[in-house]
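The values are calculated or read from the model by the stated rules, or taken from the named source; none is laboratory data. Predicted model, so just to flag it, every value in this text is computed and none were measured. Here Cβ is always computed from backbone atoms with ideal geometry, including for glycine, and neighbour counts include all displayed protein chains.
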Amino acid sequence: MEKMTLSTSGTLGDTVCTVCKLYKMSQNNNIQVNHYTIHRNWHNKIREIYSLLPSVHVSFVDVRDEEHPRVFSHFAEDDGIRVTSFPKFELPKVKMPKRYTVLQERSGKDGECRSIPPMVCDRIINESVPPTVLLGTSTSAHGSSRDDVIDMTNETTLLEAFSIIRGAEEFHGFQGCLAFFALSQRIPTTIYCKTDADLLGVEVRLLSDWRLYLKDIVI
């Protein structure tokens, strides 16, 4: 296998998109990525996402690597890399019901930046294939109060969360890591956005193939 070094950047959702770009390339190359992000507390989770590709090795840099080819963390610009819309990953097995829905109630730094209103969460739970599995890193407002909810917030690794999403009937959550992963696994997905910047973040990362599985964007 040939060796190559690439420059990457961004946080969790960006890294999911980057992995879709590196998926095909990593099958024939040992890839060193020099990853730049100002969010040092997310290094471990970013590294966990890159671990989906065994031949990709990540180092975190304090200054963006300008010496090596850059991989854009979105799909709006062509960086010459062929994207795999629906990559197949080895993921940990998690025992789950045969059918279920996944809901990410909260997202963002410390889980407090974005949250789906409780009434909307109740509607999703009431109208979706039961049970509803709650994922994320913030305390749920619904986990202890409903029999048709399985609260797994703060109980999974990121790859375990990916595995749970891959087996779901559908996914509801904010624009970002879990939503982009759901689309990459052909899971019908409803994406929630809080701001125009969130909406733009979806638009520049929404592959044409993924639109088939995008049920709605809610602002």
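Could you list, in sequence order, all residues of segment 65-92 that are more than 18 Å from the chain's Cα centre (by Cα) and among the charged types (D, E, K, R)?
If the condition is that a residue be more than 18 Å from the chain's Cα centre (by Cα) and among the charged types (D, E, K, R), then 65, 66, 67, 70, 77, 78, 79, 82 are the ones that fit.
Run residue 108 past the list (1) at pLDDT 95 or above; (2) surrounded by 10 or more Cβ atoms within 10 Å (Cβ to Cβ) and report the number of the one that doesn't hold.
Status for residue 108: all satisfied but (1).
Which count do you get for residues in segment 180-218 that are surrounded by fewer than 16 Cβ atoms within 10 Å (Cβ to Cβ) and either touching a strand residue (DSSP E or B) at 6+ places or on another chain (Cβ under 8 Å) or within 20 Å of residue 167 (Cα to Cα) (or both)? Steps first, please.
Quick first cut of segment 180-218, residues surrounded by fewer than 16 Cβ atoms within 10 Å (Cβ to Cβ) only: 186, 195-197, 199-200, 203-204, 208-209, 211-212, 215-216, 218.
Right, trim to either touching a strand residue (DSSP E or B) at 6+ places or on another chain (Cβ under 8 Å) or within 20 Å of residue 167 (Cα to Cα) (or both) and you get 186, 199, 209, 211-212, 215-216, 218.
Total meeting the criteria: 8.
Note down all Cβ pairs under 8 Å where the first residue falls in segment 64-88 and is outside the structural domain of residue 183 (by TED's automatic domain parsing), the second is among the aromatic types (Phe, Trp, Tyr) and buried (at least 18 other Cβ atoms within 10 Å of the Cβ), and they're at least six residues apart or on different chains.
79/72; 83/75; 84/23; 85/210; 87/23
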